Ligand SMILES: Cc1ncc(C[n+]2csc(CCOP(=O)(O)OP(=O)(O)O)c2C)c(N)n1
Ligand code: SF4
Ligand code: SF4
Ligand code: SF4
Ligand SMILES: [Mg+2]
């Protein structure tokens, strides 16, 4: 399960670029700070590797595997 | 809807696990979008959590620069935010007087290798039991991109507008040669081994040093065609070579590569312990009383 705190996101795109399963796309809606957060459009494909969680510089993504 | 509420509840629980190590009221960070400092902070919080360390048992010491903001203000715990280049001397003082604390220094290349370089090599030589996480973004990031002693040859910066004519330090190698107990190099792309290495450093006795190659898209990246964090991470992914493989490669083949992995791990006598032992011996001799009859502090 992927939880995204859109308000913490700075729209750097790292999660979009480095998820090995290409789960994310960039949203076309901006958050209150003016950044475009990721959208987990292919959440079904997520294997729960947590790479996005650790690579996110803003603690914006949490992967819940249990 | 019910499922939605469940999701939120689980996320909240999970979120708390890391937020207990963070001053969440100051998030999102003040770092530029895509900055490596946030990734180092993230890995550090995960490492502390994996070890189930009590943040009250950690004293973080830092200097000046963007990287120095990683523990201060973001990490929730005792923190000394010291002057530029001086976190290691302050950390030494903390460790001498508070030997039970895990003392961690997180700071940048300008801070630890530039203005503070001498402290770094002598702390490694003395094998002081502190953990130093160097965030090496190859530049003075905070002040707008001046040449650092880590900037590669040829790069133009605000203080080398026609290209850098100096050679950079190979800092992990230098610290290993100076006498540290544990030295490793990773990048902000290698989050899992970096996190493991942080755990190793936090639990091993002696001077433990991690060089973390990290991106500064704003003050460095834009000068080398890497305007985003992702472009730097892509380079780290493609140009990194495991130290075991590097041993088989020629200097020409290693040109432009980042050698990652553990450089050294050894058992050595440690400075603050030796200092205490000597103190006890001399005091026992002088007073004629056993250490149980007086306390050191
Ligand atoms: C004694 C002193 N000299 C110079 C400065 C200006 N200064 C502030 S941050 C910095 C460089 C920081 O570089 P680094 O440690 O690599 O941190 P980064 O911002 O790159 O993460 C300098 C020179 C200062 N604050 N104090
Ligand atoms: S956990 Fe792994 S597979 Fe799932 S979204 Fe994150 S990076 Fe992609
Ligand atoms: S890595 Fe984090 S900050 Fe960057 S776009 Fe993804 S969620 Fe946002
Ligand atoms: S200037 Fe560079 S190091 Fe400082 S926050 Fe911005 S990207 Fe990060
Ligand atoms: Mg720097």
Check your understanding: Filtering segment B:20-39 down to residues that are surrounded by 24 or more Cβ atoms within 10 Å (Cβ to Cβ) and in a helix (DSSP H, G or I), which residue is nearest to the other protein chains (Cβ to nearest Cβ)?
Key -> B:38
Review point. Of the conditions (1) part of a strand (DSSP E or B); (2) under 30 Å from residue B:101 (Cα atoms), residue B:259 fails just one. Which one is it?
Key: (2)
Revision key, fill the gap. Going through segment B:149-187 in order, the residues found to be under 21 Å from residue B:124 (Cα atoms), in contact with a strand residue (DSSP E or B) (Cβ under 8 Å, 6 or more places away or on another chain) and either away from every other protein chain (no Cβ under 14 Å) or within 15 Å of ligand 1 (Cβ to nearest atom) (or both) are B:150, B:171, B:172, B:173, B:175, B:176, B:180, B:181, B:182, B:183, B:184, B:185
**Study point:** Failed criterion for residue A:53 (all others in (1) more than 7 Å from chain B (Cβ to nearest Cβ); (2) over 17 Å from residue B:228 (Cβ atoms); (3) part of a loop (DSSP other than H, G, I, E, B) hold)
**Key:** (3)
**Study point:** Matching option when the condition is more than 19 Å from residue B:151 (Cα to Cα) and free of Cβ contacts under 8 Å to residues at least 60 places away in the same chain, among B:257, B:268, B:285
**Key:** B:285
Review point. If you check residue B:80 against the conditions, is it within 14 Å of chain A (Cβ to nearest Cβ), in contact with a helix residue (DSSP H, G or I) (Cβ under 9 Å, 6 or more places away or on another chain) and either more than 16 Å from ligand 4 (Cβ to nearest atom) or modelled with pLDDT under 95 (or both)?
Key: no
Review point. Does residue A:22 count as surrounded by fewer than 20 Cβ atoms within 10 Å (Cβ to Cβ), on the phi > 0 side of the Ramachandran plot and more than 10 Å from chain B (Cβ to nearest Cβ)?
Key: yes
**Study point:** Sole exception among (1) touching a helix residue (DSSP H, G or I) at 6+ places or on another chain (Cβ under 7 Å); (2) crowded, with 18+ Cβ neighbours inside 10 Å for residue B:156, by number
**Key:** (2)
Review point. Among the listed residues A:45, A:17, which satisfies the condition of being facing another protein chain (nearest Cβ under 7 Å), modelled with pLDDT of 95 or more and away from ligand 5 (no atom under 16 Å from the Cβ)?
Key: A:17
Study note, to complete from the structure: Across segment A:25-39, the tally of residues that are surrounded by fewer than 20 Cβ atoms within 10 Å (Cβ to Cβ) and within 14 Å of chain B (Cβ to nearest Cβ) stands at 7
Exercise for review: Check off (1) surrounded by fewer than 22 Cβ atoms within 10 Å (Cβ to Cβ); (2) in a helix (DSSP H, G or I) for residue B:43 and give me the number that stays unchecked.
Suggested key: (1)
Practice item. Quick one: residue B:112 ticks every box in (1) within 16 Å of ligand 4 (Cβ to nearest atom); (2) closer than 25 Å to residue A:8 by Cα; (3) more than 14 Å from chain A (Cβ to nearest Cβ) except a single one, so which number is it? Key: (2)
**Study point:** Positions within segment B:202-236 being away from chain A (no Cβ under 14 Å), part of a loop (DSSP other than H, G, I, E, B) and touching a residue at least 40 places away in the same chain (Cβ under 8 Å), in sequence order
**Key:** B:204, B:205, B:206, B:207, B:219, B:220, B:224
Practice item. Using the structure shown, decide if residue B:296 is modelled with pLDDT of 95 or more and touching a helix residue (DSSP H, G or I) at 6+ places or on another chain (Cβ under 7 Å). Key: no
Point to revise | Residue in segment A:31-66 that is farthest from ligand 2 (Cβ to nearest atom), counting only those that are without any contact (Cβ under 8 Å) to a residue 12 or more places away in the chain and over 10 Å from the mean Cα position of the chain (by Cα) | key: A:34
Practice item. Would you check which residues across segment A:20-30 are within 7 Å of ligand 2 (Cβ to nearest atom) and either more than 22 Å from residue B:46 (Cα to Cα) or modelled with pLDDT under 95 (or both) and list them? Key: A:21, A:23, A:24
Review point. Hey, does segment B:238-259 have a residue that's within 16 Å of ligand 3 (Cβ to nearest atom) and closer than 26 Å to residue B:33 by Cα?
Key: no
**Study point:** Hey, residue A:10 facing chain B (nearest Cβ under 8 Å) and either assigned to a loop (DSSP other than H, G, I, E, B) or closer than 23 Å to residue B:69 by Cα (or both) or not
**Key:** yes
Practice item. Determine, yes or no, whether residue B:222 is within 16 Å of ligand 1 (Cβ to nearest atom) and in the same structural domain as residue B:179 (by TED's automatic domain parsing). Key: yes
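The values are calculated or read from the model by the stated rules, or taken from the named source; none is laboratory data. Only a predicted model underlies this, so the values are computations on that prediction, with no experimental measurement involved. Positions of Cβ are backbone-derived with ideal geometry, glycine not excepted, and every protein chain shown enters the neighbour counts.
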